[in-house]
Amino acid sequence: MRRFLLRRVLSLIPTMLVIVTIAFVLVRVAPGGPFDSEKAIPPEVKADLEKKYGLDQSIPVQYLSFLKNAIRGDLGISMKYQGRTVNEIIADGFPATLAVGSFALIWALLIGISAGVIGAVRQNTAWDYGAMGFAMLGISIPSFVLGPLLVLVFALTFFWFPPAGWGTWRHLVLPGVALGTVYAAYVARLTRGGLLEIVRQDFVRTARAKGLSERIVIWRHVLKGGLLPVVSFLGPMIAALFTGSVVVEKIFATPGTGSYFVDSALNRDLTLTMGMVVFYSAFLLLANLAVDIAYGFLDPRVRHE
Amino acid sequence: MRRSLVALAAIAALSSACDRNDAWYGTTTPRHGANELWLNNGGEPEWFDPGKCSDAVGGVVINQAFEGLVVPDPASLVPTPGMAVKWETSADKRTWTFHLRENTKWSDGTPLTSADFAWSWARVLDPKTLAKYADQLYDIANGDAYHQRAIHVTAYNREASALADAMAAVAKVDKIKPDPLGKGGVFVFFAEPSDEIRTKAMAAAKALGATAAVTGPDALGLSTPDERTFVVTLEVPVPYFLIKINTQYTFYPAPKHVIQRLEASGKSSDLWTRPENFVSNGAFVLKEHRFRHYMIFEPNPHYWDRASITLDRVKLLEIESYVTALQMYKAGELDYIGENTSLPSEYSVFLRRKKDHRFTGFTTTYWYWFNTNDPALKDKRVRHALNLATDKQRIVDAVTKQFQIPASSYIQEGIAGYKKIPGETFDPEKARTLLAEAGYPGGKGLPPVTISYNTSETHKAIAEAIQEMWRKELGIDAQIRNEEWKVFLKNLEQGNFQVGRLGWTADYPDPYTFFSVFLSTSNNNHSDWKDRKFDELVDFANAAEDPEERLVRLAKAEEYLLDAMPAMPIYFYTRSYVVKPYVKGLRNNFQDRHPWKAIHIDPDAFAKGEVEDGNGGFVDMGK
């Protein structure tokens, strides 16, 4: 186990390096720069600005100094916002993204697993069809439709939640639901499928034959194995939820990091774009690692030697 | 993202249908006390250091927190006393003397003197400051020499040609200009300056027995005879100078003492606009700032006109989505959508029927640049044919639907009294004749033409409409091409386009701001149409003694420009916005500037039927 962990952690380094290198080259070769604007700025000022941020140097030199600083944890200064460091921008925005993402995650698991279990236990009944109908609906309605619908119903008709903004738990609910519902739907289908597969296994039949109650069979035996597909989905799901969504953050005016990735690339805020690449790729790789480890605990067939 | 907004708009439009009979959009009484204002600023400001800002979002913050020598009247925008109580100009209109108000202070109580203005203006021109709008201050004598690090040659006693030859031997010279302040000495500007060239040039000048140095701030036409007097000498007389310093925030002061304190403590001086360091001289000060979320402002206790401010707290949100901002307005979480939020076009017709909707002229013109170097477009008859074949009224009525005004010239009616030029309107018959005269009857033989625009639904719809008009009226099969914003800008700048959409927003409410774009020296002139005659016509106009005469001469210059047609005017912007019935003192104006110090909240305005219309009158509350 320890050797497995060490190997996986070490293998993250070359993966990170490849991601960062490709991203670095791509953002530098993209046409247009951070200081191009609709109203022309004097050419000398532009040249001096580029010099200030080191853009006058060759790409390899810029790359090496970026790497050197990044290893020390310094992602540089934003080229767009006055005196803001990239570290500061991520630290300011990430809590909001994390909060919405966590809410969405809990929502997705709670609703998804419940619906999946209901569907599997009451297979081919009205319960099953209802739960899976909900799942199909959830998968088919994208967040950019669901978000405004939630605003219309819960904010502008019933006034239960604010239509947008940030600050209290009430601001968390609508974006969290808008973001999490699609995943709840996936989780429901995965749970139902996983459970149905396990239910037909011999050890379940044995458990039933031993006279265990249905409740204990489901909770203690079926669910543990039946949730494995959900666990493997957890990695990409956590990654997607915690990196935030441009769409949901714009609709609900959430001050998170979700929109920075897109916006900074459009603004050619090269330092912020690179900062987001480093931050997100590290996050994604670690999330996947965590899932792999969790797998080992849940499935006796998977042993990390 | 765009799809999401369309979906949101569709749903909202559906919901709007339910309350069609409601004459107001959402709440009509405030959700806060009478001393608060909640509004949106459309995003996070990039910079709100007055000298270094170049974005509209930062501009709003500066306009509320800082004050220049003069301040625009909330309705007419006419300059009124601000930090200066009175001012006079010399007979040659080149020297302006400003007399500062007694006892002016920064928000931390530090006295504000004429030296603060001199330092702030010199700071913008200091090449080390990297101010994007530094060239706005080139009106000040030797502003360009200081900013461009020209070589200042003094104590030179030999003939001018010897110096010129010596400089030309170093590198290509752009110009050699005598000191406009009459102190003797000349300034040498190189065409493509570098520090190496400057060193060589100084050595060459010294070899001729002169004294030479890189121009410093001492050469600027700024002086402070005493703490209350600020004297500005201009390079040449500038008729719109007062109007410019009135609304252009680059001329507002920055707190020298705070910036220098940060520098002395080894921190980045860019941090001075953080709430813990923030000091300003205008009506409001920044108290709290959450990045990409909101800003909180409170009145500046040391502001000279503190007594007239009724608001205790202003919450400025940073919501980027227009649709979201509008929903928040409807729910009463915004009192006013703010200067940087537009009404989504899907809503425009619906909102126009609401009584809290306002509508005013705005100083932006939307146009298509023609690349005059392009083989297809170098003949001005072709450019005129394209212009004549474009039905701008239809674009405004059927495509944009935001109640813009179709444009057949570049400058709209009424900016500083300017009279709009009639220009040529839709005339497909004449367009066909001109195209035939240019050698392309029925569009035959004309090299392919492509319209480029930056990715946006509106720009796309306009380009498609124009493509169809040109095809139908002229037989031209134009292509359209969308490009990502920064790529588009790069291509415009490098002349890598044929027909390119853009436009111009007045920096200050004087027609000259539009003329400056087309000058042969302008970096914003993407057509590459350079005409000395036009430059001279503009200079001649600005030299006019009488303001009326100046406008007449400027109109002549615009006629000349329209004849050359380096750009095809399409429409003049208008500004539509919504503001709650309880907000008073928010007046319509050409620049969409609304000082909070003039605003007060009257929670009962709706009940009393006293809702302002923004033009000095009241809204008809009829059923």
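The values are calculated or read from the model by the stated rules, or taken from the named source; none is laboratory data. Everything numeric here is computed off the predicted structure, so don't read it as measured data. With ideal geometry, Cβ positions are generated from the backbone for all residues, glycine too; neighbour counts draw on all protein chains shown. Note: areas computed on protein heavy atoms with side chains; ligands, DNA, RNA excluded. Shrake-Rupley method; radii C 1.70, N 1.55, O 1.52, S 1.80 Å.
If you filter segment A:22-74 down to residues that are touching a strand residue (DSSP E or B) at 6+ places or on another chain (Cβ under 9 Å) and more than 8 Å from chain B (Cβ to nearest Cβ), you find that the one that is most open to solvent (accessible area, probe 1.4 Å) is A:Asp74. Quick one: in segment B:263-276, which of the residues that are open to solvent by 10 Å² or more (accessible area, probe 1.4 Å) and part of a helix (DSSP H, G or I) is nearest to the other protein chains (Cβ to nearest Cβ)? Applying the filter and picking the extreme gives B:Asp270. Taking segment B:326-341 on its own, how many of its residues are among the small types (Gly, Ala, Ser) and either closer than 13 Å to B:Ser576 by Cα or modelled with pLDDT of 95 or more (or both)? Number satisfying all stated conditions: 1.
Within segment A:134-152, the set of residues being surrounded by fewer than 21 Cβ atoms within 10 Å (Cβ to Cβ) and either within 14 Å of chain B (Cβ to nearest Cβ) or farther than 15 Å from A:Tyr186 by Cβ (or both) comprises A:Ser140, A:Ile141, A:Pro142, A:Val145, A:Leu149, A:Leu152. Do we find that B:Ile319 is under 27 Å from B:Phe403 (Cβ atoms), of a type in the set (Val, Ile, Thr), within 14 Å of another protein chain (Cβ to nearest Cβ) and open to solvent by less than 30 Å² (accessible area, probe 1.4 Å) in this structure? Yes; evaluated as a whole, the condition is true for this residue. State whether the residues of segment B:370-382 include one that is touching a residue at least 40 places away in the same chain (Cβ under 8 Å) and closer than 21 Å to B:Lys460 by Cα. Looking through segment B:370-382, at least one residue is touching a residue at least 40 places away in the same chain (Cβ under 8 Å) and closer than 21 Å to B:Lys460 by Cα.
If you filter segment B:53-96 down to residues that are among the polar types (S, T, N, Q) and farther than 26 Å from B:Arg306 by Cβ, you find that the one that is most open to solvent (accessible area, probe 1.4 Å) is B:Thr89. Scanning segment B:226-262 for residues that are under 21 Å from B:Ala544 (Cα atoms) and open to solvent by 50 Å² or more (accessible area, probe 1.4 Å) gives B:Val236, B:Pro237, B:Pro239.
Only strands (runs of 3 or more DSSP E) whose full extent lies in segment B:117-234 are considered here, and the ones with at least 2 residues that are in contact (Cβ under 8 Å) with a residue 24 or more places away in the chain are B:151-154, B:186-190, B:211-214, B:222-226, B:229-233.
Here's the yes/no breakdown for (1) of a type outside the set (Phe, Trp, Tyr); (2) within 18 Å of B:Ser576 (Cβ to Cβ); (3) touching a strand residue (DSSP E or B) at 6+ places or on another chain (Cβ under 6 Å); (4) not assigned by TED's automatic domain parsing to the domain that holds B:Asp563:
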| position | (1), (2), (3), (4) |
| --- | --- |
| B:Val399 | yes, yes, no, no |
| B:Gln404 | yes, yes, yes, no |
| B:Gln412 | yes, yes, yes, no |
| B:Pro422 | yes, no, no, no |
| B:Thr425 | yes, no, no, no |
| B:Leu435 | yes, no, no, no |
| B:Gly439 | yes, no, no, no |
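Yes or no, residue by residue, for (1) over 30 Å from A:Glu249 (Cα atoms); (2) in contact with a Phe, Trp or Tyr (Cβ under 6 Å, 6 or more places away or on another chain); (3) hydroxyl-bearing (Ser, Thr, Tyr):
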| position | (1), (2), (3) |
| --- | --- |
| B:Lys200 | yes, no, no |
| B:Ala205 | yes, no, no |
| B:Leu208 | yes, no, no |
| B:Arg228 | yes, no, no |
| B:Thr233 | yes, no, yes |
| B:Phe251 | yes, no, no |
| B:Ser265 | yes, no, yes |
| B:Glu276 | no, no, no |
| B:Val285 | no, no, no |
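Here B:Asn615, B:Asn588, B:Asn524 are screened, and the one residue that is open to solvent by 10 Å² or more (accessible area, probe 1.4 Å) and in the same structural domain as B:Asn63 (by TED's automatic domain parsing) is B:Asn588. One residue is enough: does segment A:282-294 have a residue meeting the conditions more than 11 Å from chain B (Cβ to nearest Cβ), under 13 Å from the mean Cα position of the chain (by Cα) and in a loop (DSSP other than H, G, I, E, B)? Among the residues of segment A:282-294, not one is more than 11 Å from chain B (Cβ to nearest Cβ), under 13 Å from the mean Cα position of the chain (by Cα) and in a loop (DSSP other than H, G, I, E, B), which makes the answer no. For segment B:322-337, enumerate the residues that are of a type in the set (Ser, Thr, Tyr) and away from chain A (no Cβ under 13 Å). Once the filter is applied, which keeps residues that are of a type in the set (Ser, Thr, Tyr) and away from chain A (no Cβ under 13 Å), segment B:322-337 yields only B:Tyr336. The set of residues in segment A:167-176 being surrounded by fewer than 23 Cβ atoms within 10 Å (Cβ to Cβ) and either touching a residue at least 40 places away in the same chain (Cβ under 8 Å) or touching a Leu at 6+ places or on another chain (Cβ under 8 Å) (or both) consists of A:His171, A:Leu172, A:Val173. Whether a residue is within 24 Å of A:Ala265 (Cβ to Cβ) and among the aliphatic types (A, V, I, L, M) was assessed, and A:Met79 passes this test.
Looking across segment B:135-187 at every residue that is open to solvent by less than 40 Å² (accessible area, probe 1.4 Å) and of a type in the set (S, T, N, Q), the one that is farthest from B:Met202 (Cα to Cα) is identified as B:Gln136.
Annotation: A:Val100 fulfils all but one of (1) in a helix (DSSP H, G or I); (2) in contact (Cβ under 8 Å) with a residue 12 or more places away in the chain; (3) open to solvent by 60 Å² or more (accessible area, probe 1.4 Å); the unmet one is (3).
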